[in-house]
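The values are calculated or read from the model by the stated rules, or taken from the named source; none is laboratory data. In this text, all values refer to a predicted model and were calculated from it rather than measured experimentally. A quick note on method: Cβ atoms are made from the backbone with ideal geometry, for glycine too, and the neighbour counts reach across all protein chains shown. Remember, those area values only see protein heavy atoms, side chains included, never the ligands or the DNA or RNA. Shrake-Rupley method; radii C 1.70, N 1.55, O 1.52, S 1.80 Å.
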Amino acid sequence: MLDMKFIRENYELVKKAISNKNEKTDLKKILELDKRKRELQFKFDKMRAEQNNVSKQIPGLKKAKKDTTEIVAQMKVISNKIKNVLADLSNLNEELDTKLLGIPNIPYKDVPIGDESNNKFVREWGEKKQFNYNPAGHLDLIEKNKLLDIKRATKISGSGFVGYIGKGARLERALINFMLDFHIKKHAYEEVSLPILVNRQTMTGTGQLPKLEDDMYHVNEDDLFLVPTAEVSVTNFYAKEILPYEKLPQKFISYSPCFRREAGSYGKETKGLQRIHQFNKVEMVRFVKPEISYNILEEMVNDAEDILQALGLHYRVVTLATGDLSFASAKTYDIEVWAPGAEKYLEVSSISNFEDFQARRASIRFRNENGKVEFVHTLNGSGLATPRTFIALIETYQNENGSISIPKVLQPYLSNKKIL
RNA sequence: GGAGAGGUGACCGAGUUGGUUGAAGGUGUGCGCCUGCUAAGCGUAUGUAGGAGAAAUCUUACCGAGGGUUCGAAUCCCUCCCUCUCCGCCA
């Protein structure tokens with residue numbers, strides 16, 4: 001959420017940012033509502049002040065045995081007027097809040113403007129692995145090595161769901177454990193494991209609601225949502241809190257299943273593991289002081305890259321252009337890993353700085369050195385999502401006979417075997 | 001699921017015959033003083049958010065959340081959430 005005062009004072013900037021993000025909001029209307037709200041608030045405050053003042057005198061008058069019937073009658077009239085103003089005010093507030101929640105975050109100043117095609121290449125690591133035969137795609141490898149049983153998963157849950165079996169299940173779990181251990185030991189993250197069913201307020205705090213309600217799985221009975229990423233539970237874990245200065249920065253790592261309805265995205269890229277309704281992910285989340293958040297963003301990209309380097313997978317890093325940025329993000333890097341069978345780069349990590357956008361919504365603050373209360377900056381990034389990492393891994397480490405070699409760092413998690 | 005108790009400021013804890021209580025007292029913390037010494041004492045300050053104002057300052061809201069009664073509610077009523085204890089249920 002943006003600060004209303006900021007919008008008031010930076011109208012053009014905000015307007016531009018919204019259009020750069022391909023979002024639509026009636027900013028004029030918001031300004032108008034804000035103005036009316038403040039006028040009404042002022043009126044209300046004055047009336048209430050009078051009421052408070054007179055009410056305070058009544059006990060004294062009574063003690064002095066004076067007749068209060070007239071003054072009480074007068075106050076009754078005022079009281080009714082106040083009730084009406086208050087009703088208008090709270091309607092106005094609600095309308096304004098709803099509108100404010102619909103305004104996206106403002107892209108950071110160095111974010112390229114434009115749609116996806118303006119995403120900016122930052123760097124790459126390693127190179128595309130060369131094969132002296134035609135490398136198989138992950139679907140063939142999965143079938144040959146019996147790593148997943150997608151048909152049966154579809155039977156029990158429907159299309160877009162997959163089931164890891166046997167060696168495939170072990171490999172996926174090895175990936176998760178390796179990534180968690182790696183971040184904990186090498187990057188000093190603290191592990192947390194939180195609920196994956198969360199309430200409406202939590203979903204609103206990180207910006208998934210109200211905009212993306214259709215993309216979420218929802219349990220009607222209890223009005224709970226399945227998280228699309230651990231970011232939601234971990235970030236909101238500190239909602240409505242004021243963190244002491246010494247507590248910052250905070251860095252958390254959390255494994256969780258992620259649920260996305262992916263409504264309307266049938267067709268392309270839906271085969272196999274590329275786009276599924278439920279997948280596993282290891283997520284990094286940070287709460288930091290505002291002045292260092294962009295340094296931390298770079299650090300987190302490196303943290304995610306370290307995983308791919310340890311796995312020996314070629315990748316590239318890109319900066320997302322404004323039109324490709326998510327609703328809540330101010331700046332996002334994507335990491336795309338090379339899948340030699342599919343012959344393309346697959347997005348395995350998205351690392352974003354939300355500045356104080358989420359902190360405002362969820363009210364996550366801290367006390368700075370001077371004791372003043374400020375909003376923290378929140379950041380998060382995948383480190384990493386397993387399905388596409390899995391694809392790149394088996395495609396990169398396949399052998400001509402169809403078997404799959406195990407990268408060194410994963411071997412301890414797979415009985416020290418070298419071949420899966 | 002049933003019965004009971006309860007949710008107050010950084011923390012502990014008063015306040016339920018409704019009325020200068022944003023909230024006693026204590027702890028903690030900041031500042032000052034005093035004290036010749038690891039400590040103690042004294043004084044003083046110490047919530048968050050919004051609005052008006054150039055500023056000083058004034059003002060409003062907030063005692064789990066939301067409604068209601070009332071001239072006036074932390075205090076009364078209703079709904080919901082959460083915590084604790086006992087019973088039941090499931091393992």
- At 222 nm, what helix-only mean residue ellipticity would chain A give, in deg cm²/dmol to the nearest 500, using -39500 (n - 2.57) for each DSSP H run of four or more? -13500 deg cm²/dmol
- Query: ³J(HN,Hα) across segment A:131-144 via Karplus (A = 6.51, B = -1.76, C = 1.60, θ = phi - 60°), whole Hz, x for Gly/Pro?
  - Reply: 10, 9, 9, 7, x, 6, x, 5, 5, 5, 5, 4, 5, 4
- Probe 1.4 Å, accessible area per residue of segment A:4-101, Å²: 71
- Take the alpha-carbon positions of chain A, form their convex hull, and give its projected area averaged over all directions (one quarter of the hull surface) in nm². 26.2
- Residue (of A:Val219, A:Phe279, A:Gly402) at the positive-pole extreme of chain A, dipole from beta-carbon charges: A:Val219
- Item | About the Cα centre, charge dipole magnitude for segment A:4-101 (Lys/Arg +1, Asp/Glu -1 at Cβ), debye | 320
- Query: Which GluC sites (Glu not before Pro) from segment A:278-359 combine a DSSP loop assignment with at most 15 other Cβ atoms within 10 Å?
  - Reply: A:Glu343
- Filter the cross-link list A:Lys146/A:Lys408; A:Lys5/A:Lys240; A:Lys146/A:Lys344; A:Lys5/A:Lys83; A:Lys29/A:Lys83; A:Lys155/A:Lys271 down to pairs whose alpha-carbon distance in this structure exceeds 18 Å. A:Lys146/A:Lys408; A:Lys5/A:Lys240; A:Lys146/A:Lys344; A:Lys5/A:Lys83; A:Lys29/A:Lys83
- Heavy-atom accessible area per residue - segment A:116-414, 1.4 Å, Å²: 44
- Task: Leaving ligands, DNA and RNA out of it, report the carbon-plus-sulfur percent of the accessible area of chain A at a 1.4 Å probe.
- Result: 48
- Task: Using the Cα centre as the reference, give the magnitude of the dipole from point charges on the C-beta atoms of chain A (Lys, Arg: +1; Asp, Glu: -1; all else neutral), rounded to the nearest 20 debye.
- Result: 1200
- Note on the structure: Inter-part gap, Cα centre of segment A:232-264 to Cα centre of segment A:357-372, in whole angstrom, is 15
- Alpha carbon centroid spacing (whole Å) that separates segment A:159-200 from segment A:302-340: 18
- Query: How much length, in nm to one decimal, is gained on full extension between A:Arg123 and A:Glu12, taken as 0.36 nm per residue of separation minus their Cα-Cα distance?
  - Reply: 36.6 nm
- Message: Between helix A:386-396 and chain A, what is the angle of the helix's C-alpha long axis to the longest principal axis, kept within 0 to 90° and rounded to the nearest 10?
- Response: 20
- Rounded to whole Hz, the Karplus (6.51, -1.76, 1.60) HN-Hα couplings of segment A:53-66, x for glycine and proline: 4, 5, 4, 5, 7, 4, x, x, 4, 5, 4, 7, 6, 8
- Out of A:Asn10, A:Thr69, A:Ser349, whose Cα points farthest toward the positive end of the dipole of chain A (charges: +1 Lys, Arg; -1 Asp, Glu; placed on Cβ)? A:Thr69
- Item | Contact order normalised by residue count of chain A, Cα under 8 Å, 6+ apart, percent | 20
- Message: Charges on Cβ only, +1 for Lys and Arg, -1 for Asp and Glu, centred on the Cα centroid of chain A; of A:Ala136, A:Leu248, A:Phe121, which one is farthest towards the dipole's positive end?
- Response: A:Leu248
